[in-house]
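What follows is a short report on a single structure.
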Amino acid sequence: EIGSASVEHGSWRDEMPDRLLERMAHDGVYLDPTLGVAEAYSLYFAGKPDGLSSSLVQQVVSAQMLTSTREFVGSGKSANPARAEQFQHALNQGRANLLRAWKAGVPLVMGSDSGNPLVFHGHSLHHELQLWVQAGIPIPVALQAATVNAAKLLGAEKHIGAIRKGMDADLLMVDGNPLQDIAATERISLVVLKGERVRRSTLFDQK
């Protein structure tokens, strides 16, 4: 009613009503469910440092942060079974709302809310893609939510979000076909930013 362009997180507690989804679809209001945050908190409160051994996490997170995070979460100091169960429910509800929103024609956009515990910059969006596909979202729909739809929501679709003449030459080349295996987006071979090759090794130098 106040003209929001998007709804962040959706609802992790309740089923989003059909009437609301219909209105979002009609008005072009995007949904960004951030499933990865709900999953991360369920693991955090369960005392499970899952995902820290991921190849991409190992590349983009400093060794010091990985070690301290693994030690803290693994120590059980973050453990809270009730909260872990609460966020597992949040993840399940978020998945269900996302799937219903897609079926209702709600425009979807992908975000990560990186910076939360176990939600790391540089890896989290790739994992979010996998969570969407696991929830039943077709791979092309998930990829569009992370690219062209995100550009549209930002009002930057004339410059980024697609591969087309006149657009910024921002390219992520991967080893494999994401349309067959969404996890292929994590196997990054080359990054091109505005037509210039990015030397990835220099991005991870810790100073």
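Side notes on the structure shown:
- With the helix formula -39500 (n - 2.57) applied to DSSP H stretches of n ≥ 4, the chain reaches a computed 222 nm mean residue ellipticity of -13500 deg cm²/dmol.
- Most positive-pole-ward Cα, Ser124, Gln144, Leu179, against dipole of segment 61-187 from beta carbon charges: Gln144
- For chymotrypsin sites (Phe, Trp or Tyr not before Pro), the sites in segment 102-207 that DSSP calls loop and that have at most 12 other Cβ atoms within 10 Å are Phe204.
- Compared with the alpha-carbon gap, the fully stretched path from Arg200 to Arg13 is longer by 63.4 nm at 0.36 nm per residue.
- For the chain, the Cβ-based charge dipole about the Cα centre amounts to some 400 debye (Lys, Arg positive; Asp, Glu negative; other atoms uncharged).
- Relative contact order of segment 59-207, pairs being alpha-carbon contacts under 8 Å that are 6 or more residues apart, as %: 17
- FRET efficiency, Glu22 to Gln180 (Cβ-Cβ, R0 41 Å, nearest 0.05): 0.75
- Pairs of Cα atoms nearer than 8 Å and 6+ residues apart set the relative contact order; for segment 55-136 it is 36 percent.
- Restricting attention to the chain, lysine pairs at least eight places apart or on different chains and with alpha-carbon atoms under 23 angstrom apart total 6.
- Other-chain or far-sequence residues with amide H under 5 Å of Asp181's (modelled H): none
- Of all DSSP bridge pairs formed entirely within the chain, close to 60 percent run antiparallel.
- Between Ser55 and Ile139, the simple spin-label model (points 7 angstrom out along Cα→Cβ) gives 1.6 nm.
- Model label sites at Ile2 and Arg164, defined 7 Å from Cα along the beta-carbon direction, differ in position by 3.3 nm.
FYI, it's all coordinate maths here, none of it is from the lab. Please read these numbers as outputs of a predicted model, since none were measured by experiment. Glycine also receives a Cβ, built like all others from the backbone with ideal geometry; neighbour counts cover every protein chain displayed.
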